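Derivation of every value follows stated rules applied to the coordinates shown; laboratory data play no part. All values derive from a computational prediction rather than experimental measurement. Neighbour counts run over all protein chains shown; Cβ positions are idealised from the backbone, glycine included.
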Amino acid sequence: MSAATSNRLRVLFVDDESAIREVMKIELPRMGHDVVICEDGLAALKALEKHSFDAAIVDLKMPGMSGWDVIDHIRKVSPESEVIISTGHGDMEAAIQAVRRGAYDFLPKPCKLFEISAVLKRVAEKRTLTNKTIALETRLKTFEGSPDIIGRTAPMQRVKTLIEKIAPTDSSVLILGETGTGKELVARRIHDLSKRANMPFVAVNCGALPENLVESELFGHRKGAFTGADTPRKGLIEVANGGTLFLDELGELDKSMQVKMLRFLESGEVRRVGENDAFHVDVRIVCATNRDLQIMVREGSFREDLFFRVNTFEIQLPSLRERKEDIPDLARALISRHLKRRDIPENILAPETIAVLQKYDWSGNVREMANALEHAVILAEGGTILPEHLPASMTRGGEAHADRPASIALPTAARTLREIEMDVIYQVLDKHKGDKPRAANELGIALKTLYNKLNSDQTRAAG
């Protein structure tokens, strides 16, 4: 990733002087930007109907519609665009007025090329900082797992070695593993060890995106693109520009979105919903799934060309059952994270509790163990965690599985399988106090599938 690529902007240049327009038509692309040149305010308004811009350089004094009117329109339809005023009639009063109307900067004419280049560089840096902030907010909302990759067993050492070899490259990576094995943690580690570490890391749970908003969430939309699109919005791919885009639960994308994702991966171009023209973004793609994509390819539910595109390197994460020797260290790390303390007592886990943890069949893997230990920490009230502090389902017998709902009584009256299924779903939701991601994990289904079943049930009940 070059600095020029990460600083590339979409620029609207509006000026009524043909000589200046001809110079900018050559020089702005030479600076590394995409540019649309307009001769007056009306042409600028038409351009804003078709395109989104990172920056707009607007002459104040033009025949017909003034630069001020153009600025007001930009603020209304594209508030994320940074406006730079240029005028040969400028003075301090005009500069103050421009700032009050939301202008980013003020350049007196004739504008020198190095001044234009410098102000656009500052716009690019501000855009990158904004994207990092959005990415950080997304990361804080979705953060799961220990911040470190814990594991001294051979399977985890192989994973760590692969990460160290793959991270410095820009190659796409596919992370495979059961639910709760720490796929997002591995993706973050790849990002942190890459040359993109100082740029955004954006995690997208493809299974949790509403079906009717998937394209808008990923690619963004312009104002008025569809009902409810009251403001323009950056897509998460654009937010990740210069950094890493992590697509979790990739197998949950439907075929139409698979086509759009493949087109993006092949061209590096994003087209916001409702816009005609595409623009280039530079992101590294890391994907993850707990599904067998090769089987899905054979069944026709996943595109083979997309599979090959995302699978340059493959990392297979072991289940917790395959690395039980790591459980004591991992358990202590999870407790430390929950307590927000590094100096936890050496005897925080009783030896017999460790034995229970290592004997248990963790079909929910690290995520399930984190939930079980959170439960135990609360009951232990700051003391040593004993087996009785663990969830009862873990100590009822060796064959118990904490990720299976409690058995329900068979119905005495005739009922459909659908009704029985919904009873189990609502029981598990009650158990987790409405926490849908945890309920979906315990039920062994994708979060998107859970939402679909709940919406279908509510629609049926309303009808």
> Rg/Rh for the chain: what does it come to with C-alpha atoms and Rh from Kirkwood?
Replying inline: 1.07
> When only Cα pairs under 8 Å and 6 or more residues apart are kept, what is the percent relative contact order across the chain?
Replying inline: 13
> Taking the simple approach of a point 7 Å from Cα along Cα-to-Cβ for both ARG298 and GLU352, what is their distance in nm?
Replying inline: 4.8
> Listed highest first by mean packing, meaning other Cβ atoms within 10 Å per residue, what order do 159-172, 176-189 come in?
Replying inline: 176-189, 159-172
> So, in nm, how far is label PHE226 from label LYS195 when the simple model puts each one 7 Å beyond its Cα toward the Cβ?
Replying inline: 3.7
>> Quick check on my link table: of LYS183/LYS448; LYS165/LYS324; LYS76/LYS132; LYS25/LYS46; LYS46/LYS112; LYS126/LYS234, which ones sit more than 20 Å apart, alpha carbon to alpha carbon?
In response: LYS165/LYS324; LYS76/LYS132; LYS46/LYS112
> Which FRET efficiency, nearest 0.05, do SER267 and GLU388 yield, Cβ-Cβ r, R0 51 Å?
Replying inline: 0.30
>> Skipping prolines and chain starts, which residues have an amide H placed within reach, meaning under 5 Å, of the one on ARG196, given they are 5 or more residues away or on another chain?
In response: none
> Summing +1 for each Lys or Arg and -1 for each Asp or Glu, what net charge is found among the other residues whose Cβ lies under 12 Å from the Cβ of LEU373?
Replying inline: +1
> Roughly what angle does helix 417-431 make with the longest principal axis of the chain, taking Cα atoms, 0 to 90 degrees, to the nearest 10?
Replying inline: 80
>> With +1 on the Cβ of every Lys and Arg and -1 on the Cβ of every Asp and Glu, and nothing else charged, how large is the dipole of the stretch 3-128 about its Cα centre, in debye rounded to the nearest 20?
In response: 420
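What percentage of all Cα-Cα pairs in the stretch 417-462 are separated by more than 17 Å? Provide the component values of the computation, followed by the final result.
On the way: 242 of 1035 pairs.
Within the stretch 417-462, distances greater than 17 Å cover 23 percent of Cα pairs.
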> Which is the longest run of the chain containing none of the chymotrypsin sites (Phe, Trp or Tyr not before Pro) found in DSSP loop states (not H, G, I, E, B) with at most 16 other C-beta atoms within 10 Å?
Replying inline: 227-463
> Which FRET efficiency, nearest 0.05, do HIS280 and LYS160 yield, Cβ-Cβ r, R0 30 Å?
Replying inline: 0.35
> Label points 7 Å out from Cα along the Cβ direction at GLU322 and LYS359: separation in nm?
Replying inline: 2.5
> So how much slack lies between ARG75 and THR449, counting 0.36 nm per residue of separation and subtracting their Cα-Cα distance, in nm?
Replying inline: 130.7 nm
> Of GLY32, MET62, VAL424, whose Cα points farthest to the positive end of the dipole of the chain (charges on the beta-carbon: +1 Lys, Arg; -1 Asp, Glu; origin at the Cα centre)?
Replying inline: GLY32
